[in-house]
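K.L.:
One structure, as structure tokens, below. Some questions next.
Bear in mind these aren't lab numbers, they're just calculated from the coordinates by the rules spelled out. Bear in mind the structure is a predicted one, so any value in this text is a computation, not a measurement. No Cβ is skipped: glycine too gets one built from the backbone with ideal geometry, and neighbour counts run over all protein chains shown.
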Amino acid sequence: MIGIFGGTFDPVHLGHIKPALDVKRHLNLEELRFIPCSIPAHRDAPIATVEQRLAMLHLAVDEYADCSVDEREVNRQGVSYMVDTLQSLRQDLKDKSLCLIIGMDAFLGLNRWHHWQQLFELANFVVTYRPGFELEMEKIPVDLLKQVNQRQVKSVAAFSESQHGAIIFMPVTQLDISATDIRQRVKQQQSVKDQVPAAVDDFIQQQKLYTG
């Protein structure tokens, strides 16, 4: 199974990397692909250029075995919709199963995504949350809750056997880090060394990113 982790990555930070690596280890994923979007559908346009975001992501990811940066969304340009990305991956990877790694907050808004119900026909879902967090089912939108009730599996074995459509909730290492906070700290000339990989911190300083 191949893991898919999408995002704006403006900039990539340890709050992206560590949870994704946790999932890769827990599920024994064959490969983990980080996919930066071109133009995000649900948030403001990135501040860093595509080239800068790609460079930072490569600096953060390339050191890990079986992890890579997939550039299909930035090459496609335009607004990035996950349904298009998964369809493209399905065409390229044929019989490989995919799992989309998504945080709890994003998952609770999944029913606002473009053609969201089609996503279950293309990939499995790993929904990550902080250890000790208790999911309150009443907070899940009704149409999404219906999918959870039909598709949730409790064991890694059952999830690993699924080609697509399964949902598993997984506790992972989650750090209280956000790209918005990092950009603000850089603008205020504060250190972000504990929030991003060292090579990314060096790149931000060299490029004078987020200072304006």
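K.L.:
Expressed as an acute angle from 0 to 90° and rounded to the nearest 10, what is the orientation of the C-alpha long axis of helix 50-61 relative to the principal long axis of the chain?
P.N.:
That works out to roughly 70 degrees.
K.L.:
Can you run phi through the Karplus equation (6.51, -1.76, 1.60; θ = phi - 60°) for segment 27-33 and list ³J(HN,Hα) in whole Hz, with x for Gly and Pro?
P.N.:
Along segment 27-33, the couplings run 9, 6, 5, 5, 7, 10, 10 Hz.
K.L.:
If you don't mind, another one. What list of ³J(HN,Hα) values in whole Hz, one per residue of segment 126-137 in order, does the Karplus curve 6.51 cos²θ - 1.76 cosθ + 1.60 (θ = phi - 60°) give from phi, with Gly and Pro shown as x?
P.N.:
So the Karplus estimates, Gly and Pro as x, are 10, 9, 9, 8, 5, x, x, 5, 10, 6, 9, 4 Hz.
K.L.:
Could you go through segment 160-171 in sequence order and give the Karplus-derived ³J(HN,Hα) for each residue, using 6.51 cos²θ - 1.76 cosθ + 1.60 with θ = phi - 60°, rounded to whole Hz, and x for Gly and Pro?
P.N.:
5, 7, 7, 7, 6, x, 7, 10, 10, 9, 9, x
K.L.:
Might you report the magnitude of the Cβ-based charge dipole of the chain about its Cα centre, with Lys and Arg at +1 and Asp and Glu at -1, to the nearest 20 debye?
P.N.:
260 debye
K.L.:
Give me, ordered by chain and number, the residues 5 or more places off Glu31 or on other chains with an amide H under 5 Å from its own placed amide H.
P.N.:
Result for Glu31 returns Gly3.
K.L.:
Another question, then. Does the chain come out rounded, prolate or oblate by the C-alpha gyration tensor, with a ≥ b ≥ c the root eigenvalues, rounded set by a/c under 1.5 and, if not, prolate when a/b is larger than b/c and oblate if not?
P.N.:
On the way: a/c = 1.66, a/b = 1.53, b/c = 1.09.
Here the chain falls in the prolate category.
K.L.:
Going by Cα centres, segment 58-127 and segment 23-46 are how many Å apart?
P.N.:
Taking the Cα centre of segment 23-46 as reference, the centre of segment 58-127 is 6 Å away.
K.L.:
Along Cα→Cβ, 7 Å out, is where each label goes; now give me the distance between the ones at Ser155 and Gln207 in nm to one decimal.
P.N.:
Label at Ser155, label at Gln207, 4.5 nm between them.
K.L.:
Out of residues 5 or more away from Thr128 or on other chains, whose amide H comes under 5 Å of its own, with H placed 1.01 Å from N in the peptide plane?
P.N.:
Result for Thr128 returns Ile102, Gly103, Met104, Met170.
K.L.:
Helix 82-93 against the longest principal axis of the chain: what's the angle in degrees, Cα atoms only, rounded to the nearest 10?
P.N.:
That helix lies at roughly 80 degrees to the long axis.
K.L.:
Take the alpha carbon gyration tensor of segment 29-137, find the square roots of its eigenvalues, order them as a ≥ b ≥ c, and report rounded if a/c is under 1.5; if not, report prolate when a/b exceeds b/c, else oblate.
P.N.:
Here segment 29-137 falls in the rounded category.
K.L.:
Pull up all non-local amide H partners of Ile167: gap of 5 or more, or a different chain, and H-to-H distance under 5 Å with H placed in the peptide plane.
P.N.:
Hits under the 5 Å cutoff: Phe125, Gln152, Val153.
K.L.:
If contacts are Cα pairs under 8 angstrom and at least 6 residues apart, what is the relative contact order of the chain in percent? Please report the intermediate quantities before stating the final value.
P.N.:
Values: 339 pairs, mean separation 53.6, N = 212.
25 percent.
K.L.:
Would you list Val186, Val153, Val200 from fewest to most Cβ contacts within 10 Å?
P.N.:
With the sparsest Cβ surroundings first, the list reads Val153, Val186, Val200.
K.L.:
Using a basic spin-label model with each label point 7 Å from the Cα along Cα→Cβ, how many nm lie between Asp105 and Glu63?
P.N.:
Placing both labels 7 Å along Cα→Cβ, they lie 2.6 nm apart.
K.L.:
Once Lys and Arg get +1 and Asp and Glu get -1 on their Cβ, which of Gln147, Pro131, Ile102 lies farthest toward the positive end of the dipole of segment 71-212?
P.N.:
Ile102
K.L.:
A further question follows. Identify the trypsin sites (Lys or Arg not before Pro) of segment 152-186 meeting these criteria: DSSP loop state and at most 15 other C-beta atoms within 10 Å of the C-beta.
P.N.:
Lys154
K.L.:
Rounded, prolate or oblate: which one fits segment 74-166, using the alpha carbon gyration tensor with axes a ≥ b ≥ c (rounded when a/c is under 1.5, else prolate when a/b beats b/c, else oblate)? Write out the running numbers ahead of the final one.
P.N.:
Values: a/c = 1.89, a/b = 1.33, b/c = 1.42.
Judged from the Cα gyration tensor, segment 74-166 comes out oblate (a/c at least 1.5, b/c at or above a/b).
K.L.:
Same structure, new question: Lys and Arg at +1, Asp and Glu at -1: add these up for the other residues within a Cβ distance under 11 Å of Lys24 and post the number.
P.N.:
-1
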